[in-house]
1. Mean shadow of the stretch 28-106, computed from the convex hull of its alpha carbons, in nm²?
2. Enter the Cα centre distance for the pair the stretch 146-210 and the stretch 1-25, rounded to the nearest angstrom.
3. So how far apart, in nm, are the two label points at MET169 and LEU44 if each is 7 Å from Cα heading toward Cβ?
4. If you count only protein heavy atoms with a 1.4 Å probe, what accessible area per residue comes out for the stretch 28-106, rounded to a whole Å²?
5. Which log10 I(q)/I(0) values does the stretch 78-210 give at q = 0.09, 0.10, 0.14, 0.17 Å⁻¹ under the Debye formula, counting every alpha carbon as one identical point scatterer?
6. Just grab the label-to-label distance for ARG162 and GLU106, each label 7 Å out from Cα along the Cβ direction, in nm (one decimal).
7. When all alpha-carbon pairs of the stretch 136-210 are counted, what percent fall beyond 17 Å?
8. Below 8 Å between Cα atoms, with a sequence gap of 6+, how large is the relative contact order for the chain in percent?
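The values are calculated or read from the model by the stated rules, or taken from the named source; none is laboratory data. Predicted, not measured: the structure shown is a model, and the values here were computed from it. Every residue, glycine among them, receives a Cβ derived from its backbone with ideal geometry; neighbour counts consider all protein chains shown. Heads up: the accessible areas ignore ligands, DNA and RNA and are worked out on the full protein's heavy atoms, side chains in. Shrake-Rupley method; radii C 1.70, N 1.55, O 1.52, S 1.80 Å.
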Amino acid sequence: MITIAIDGPAAAGKGTLSRRIAEEYGFHHLDTGLTYRATAKALLDAGLPLDDEAVAEKMARDVELAGLDRSMLSAHAIGEAASKIAVMPAVRRALVGAQRGFSLKEPGTVLDGRDIGTVVCPDATVKLYVTASPEVRAKRRYDEIIAGGGAADYAAIFKDVRRRDERDMGRADSPLRPAEDAHLLDTSEMGIEAAFQAAKALIDAALKKI
Ligand code: C5P
């Protein structure tokens, strides 16, 4: 069983990269951010508070991994709410349990998130920490929204990226940080194809060793 752990901050390009990698190796892929987003959306839809840990834990336990769909969970308000409930240890315990179960699938899995290499799959076959400067990440998100025909404000997006970083890196339980044995991949100056080739070289080297 092979596990590829991909962590990094918001809008670093983890999602696209992870999907490409899963496709290349024929592995199952789980975007773990969606598990936090689905929990947050369930609370928002039910009109429940975002600061009641017991209620949020119950919603987290009800999340079905098979039904996760980013297009239903991409709203900005859902991302914000997700990062708020992601500070709660009981929510994390519930979701990490489900994520670990997923990581056991054969022939292998790719999980992307914030704490895969440090907490969810500390024994992963390969760990990548994908990052880019906050300016580049904000610009990518801005371009994405414009390309989709929406209206975007770069300054607001930049502020948002910084706030999300602070919350994800500053929380007490499972803060975002590279695992000691993670390979750092800074994509600030790289397109998706170059990032994919760099990731593939690291993964191929690790797979040769097992
Ligand atoms: O990656 P995405 O933006 O969809 O994640 C939404 C939020 O879920 C993140 O800002 C983070 O707070 C939380 N998250 C997490 N651990 C993960 C994945 C996401 O805490 N493994």
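1. Working: hull surface 18.9 nm².
For the Cα atoms of the stretch 28-106, the hull's average projected area reads 4.7 nm².
2. So the two Cα centres are separated by 10 Å.
3. Result for the modelled spin labels: 2.5 nm.
4. Working: 3770 Å² over 79 residues.
That works out to 48 Å² per residue.
5. -0.32, -0.40, -0.79, -1.11
6. If labels sit at ARG162 and GLU106, their model points lie 5.1 nm apart.
7. On the way: 1768 of 2775 pairs.
Here the long-distance tail beyond 17 Å is 64 percent of all Cα pairs in the stretch 136-210.
8. Values: 324 pairs, mean separation 70.1, N = 210.
Taking the mean separation of contacting Cα pairs over the length of the chain, I get 33 percent.
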